[in-house]
Amino acid sequence: ADEFLRILALPDPVAVLHLMADTQILAEIAPEADASGIARVQKLLTSEAAGGLAADGLLRSMALIGDAAAADRLAARLKFSGAMRKRIARAMGSDHGGAAPRAMAHYLGVVGARDRILLRGGDDVGTKLSALTHWQPPKLPVGGRDILARGIVAGPDVARILAQVEMRWVAAGFPDRAATLQLLDEI
């Protein structure tokens, strides 16, 4: 695993990946990888350059495999750490927050959002990544007590309402407490 990730972290591993594929070495290490995976790594190199980011072997392994379940199988077989497997799951798992970088960061963490943006690629990678520079997701400024104070009885309705408030709060761009209380009142 360590050697494989080092190869992927080379400044430009594409030629090495093609050589590994031609000699069937890649099929032994990562049978989930194919020619389209190598093309995804090439695309990721462009996205990394657009974001001014250093080479990341783990992220490139995700691009090489391209599928969350297959990436998890590779991670299990190569005995990636639990933290690495969690990062793969965040970057390649279900879509949270849509395409908005800060919404993704709220649900996935900044690293998870950055990884997902890089894996998706596109002309606007640099713009999306800049939205996350020096930004940390804020904490939802309301909680269960605010819901209970509005006469809702403690129980599953509180959690359901809080989840609705959170979704609208994220969609509204993380407004302050006063605006979030207005969202709560509307709900």
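Neighbours of Arg73 by Cβ distance under 13 Å: Lys/Arg scored +1, Asp/Glu scored -1, total 0. Candidate values (i) 26, 18, 17; (ii) 29, 19, 16; (iii) 40, 18, 11 were compared with semi-axes √(5λ) of the Cα gyration tensor in Å computed on the shown model; the agreeing label is (iii). All other residues whose Cβ lies under 15 angstrom from that of Arg168 are scored, Lys and Arg at +1 and Asp and Glu at -1, for a net of -2. Each Cα pair under 8 Å and six or more residues apart adds its sequence gap; the mean of these over the residue count of the range 62-187 is a relative contact order of 17 percent. Using a probe of 1.4 Å on the protein chains alone, the accessible area found for Arg85 is around 80 Å².
Charged neighbours of Gly57, selected by a Cβ distance under 11 Å, balance to -1 (K, R count +1; D, E count -1). Excluding ligands, DNA and RNA, the accessible surface per residue across the chain is 53 Å² with a 1.4 Å probe. Note on the chain: dipole from Cβ charges, positive end direction compared against Val41, Val14, Tyr107; the farthest Cα belongs to Tyr107.
The values are calculated or read from the model by the stated rules, or taken from the named source; none is laboratory data. The structure presented is a predicted model; accordingly, all values stated were derived computationally and were not measured. As a convention, Cβ positions derive from the backbone with ideal geometry for all residues, glycine included, and neighbour counts pool all protein chains shown. These area figures cover heavy atoms from the full protein model, side chains too; ligands, DNA and RNA do not enter into them. Shrake-Rupley method; radii C 1.70, N 1.55, O 1.52, S 1.80 Å.
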